[in-house]
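J.: Take this structure first; my questions come after.
Please treat every number below as a calculation from the coordinates, not as lab data. Just so it is clear, the structure is predicted and the values come from calculations on it, not from any experiment. Positions of Cβ are backbone-derived with ideal geometry, glycine not excepted, and every protein chain shown enters the neighbour counts.
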Amino acid sequence: MNVEITSQLQRTIFGWLQKSYPNEGGGFLLGKRDADHLTISEVRPITNVFAAEEQFHRYAMTPIDWARLEDEADAAGLALVGYYHSHPDSPAVPSEYDRVYALPFFCYLITSVQHGQAAECRAWQLTEDRAQFLELALSVSP
């Protein structure tokens with residue numbers, strides 16, 4: 001599957017994740033999906049509600065955030081297609097924690113934020129059997 005995002009939306013994500021540093025930051029991806037292509041149309045940052053002493057390596061949102069974003073996506077004629085989050089001073093690859101809590105069919109954009117600067121962004125999707133993440137092709141358009 002190919003994931004497409006504009007450079008402006010990617011800059012918005014990077015800005016939020018850099019602002020969240022040294023803690024993890026994250027938010028939702030809204031867009032449209034077909035069999036082999038996902039277009040991200042909007043990004044929505046969500047405040048990290050994980051315990052403050054664990055936010056440097058964990059991220060959580062409330063069920064209310066999830067429900068609100070599903071409603072906003074529907075109202076805009078879009079779908080909730082994924083989630084983005086940072087890995088402060090760590091690679092942009094899913095952790096075991098990510099695998100346990102991820103949902104199949106969602107796109108996960110993970111950005112490595114090194115010393116406060118977004119360094120690398122990669123796209124992932126959990127397999128249906130939840131055994132592993134597969135890397136997706138990520139295209140950033142002007």
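J.: Does Pro94 satisfy the condition of being part of a loop (DSSP other than H, G, I, E, B) and not aliphatic (A, V, I, L, M)?
T.: Yes, satisfied.
J.: Just name the residue that is surrounded by the fewest Cβ atoms within 10 Å (Cβ to Cβ) out of those in segment 13-41 that are over 12 Å from the mean Cα position of the chain (by Cα) and under 24 Å from Asp71 (Cβ atoms).
T.: My answer is Asp34.
J.: What are the pairs, 6+ residues apart or on separate chains, where a residue within segment 85-99 that is more than 15 Å from Gln132 (Cα to Cα) has its Cβ under 6 Å from a residue that is outside any strand (DSSP E or B)?
T.: Filtered contacts from segment 85-99: His85/Glu24; His85/Tyr59; Ser86/Leu17; Ser86/Glu24; Ser86/Gly25; Pro88/Tyr21; Pro88/Pro22.
J.: Also, I was wondering about something else. It is to be established whether one or more residues within segment 59-75 are touching a helix residue (DSSP H, G or I) at 6+ places or on another chain (Cβ under 6 Å), aliphatic (A, V, I, L, M), surrounded by fewer than 20 Cβ atoms within 10 Å (Cβ to Cβ) and farther than 20 Å from Ser20 by Cβ.
T.: No, the conditions are met nowhere in segment 59-75.
J.: Could I ask something else about it? Given Leu38, Leu69, which one is farther than 17 Å from Leu136 by Cβ and touching a residue at least 24 places away in the same chain (Cβ under 8 Å)?
T.: Result: Leu69 is the single residue among Leu38, Leu69 that is farther than 17 Å from Leu136 by Cβ and touching a residue at least 24 places away in the same chain (Cβ under 8 Å).
J.: So which residues in segment 100-142 are touching a residue at least 60 places away in the same chain (Cβ under 8 Å), in contact with a strand residue (DSSP E or B) (Cβ under 9 Å, 6 or more places away or on another chain) and polar (S, T, N, Q)?
T.: Result: Thr111, Gln125, Ser139, Ser141.
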